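Peer 1: Can you read through this structure? Questions will come right after.
The values are calculated or read from the model by the stated rules, or taken from the named source; none is laboratory data. Given the structure is predicted, the values throughout are model-derived calculations rather than measurements. Here the Cβ is made from the backbone with ideal geometry for all residues, glycine too, and neighbour counts use every protein chain on show.
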């Protein structure tokens, strides 16, 4: 599986959604539209995928959910906020660690130009 190609396809889909809708909507609207765009591009994804926490060999359902999991390998954390804060990056990094995935993106749609709302993160401690 070519992570670079999938990443480029995801970014292209996000840019298309942003180009069509613009900034200022709720995160849920962007999520719905991005899922539609991924579907149009025949990209496999799961929306609102449950994420368990394993603590001392006990699997706990703490209510965490990945916004979108693409091709079972890339986590998308969607935002519609003024700017991406350190807590958003910490959230994605934690999701990467808990899930064992190596790559994720924060996509903040509340920006004038979508490329300024994209943060790529890598889990360097993937087991």
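Peer 1: Among the residues of the range 14-34, write down those that are buried (at least 17 other Cβ atoms within 10 Å of the Cβ) and either farther than 19 Å from residue 119 by Cα or without any contact (Cβ under 8 Å) to a residue 12 or more places away in the chain (or both).
Peer 2: 33
Peer 1: When only residues in the range 35-54 that are in a helix (DSSP H, G or I) and touching a helix residue (DSSP H, G or I) at 6+ places or on another chain (Cβ under 9 Å) count, which is surrounded by the fewest Cβ atoms within 10 Å (Cβ to Cβ)?
Peer 2: Restricting to residues being in a helix (DSSP H, G or I) and touching a helix residue (DSSP H, G or I) at 6+ places or on another chain (Cβ under 9 Å), the top hit is 40.
Peer 1: Any chance the range 78-95 includes a residue that's at pLDDT 95 or above and at positive phi?
Peer 2: No, because not a single residue in the range 78-95 is at pLDDT 95 or above and at positive phi.
Matching residues to (1) closer than 15 Å to residue 34 by Cβ; (2) surrounded by 13 or more Cβ atoms within 10 Å (Cβ to Cβ):
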| position | (1), (2) |
| --- | --- |
| 60 | no, no |
| 72 | no, no |
| 77 | yes, yes |
| 90 | no, no |
| 94 | no, yes |
| 108 | yes, yes |
| 114 | yes, yes |
| 118 | yes, yes |
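Peer 1: Same structure again: In the range 46-57, is there at least one residue being at positive phi, free of Cβ contacts under 8 Å to residues at least 40 places away in the same chain and over 13 Å from the mean Cα position of the chain (by Cα)?
Peer 2: yes
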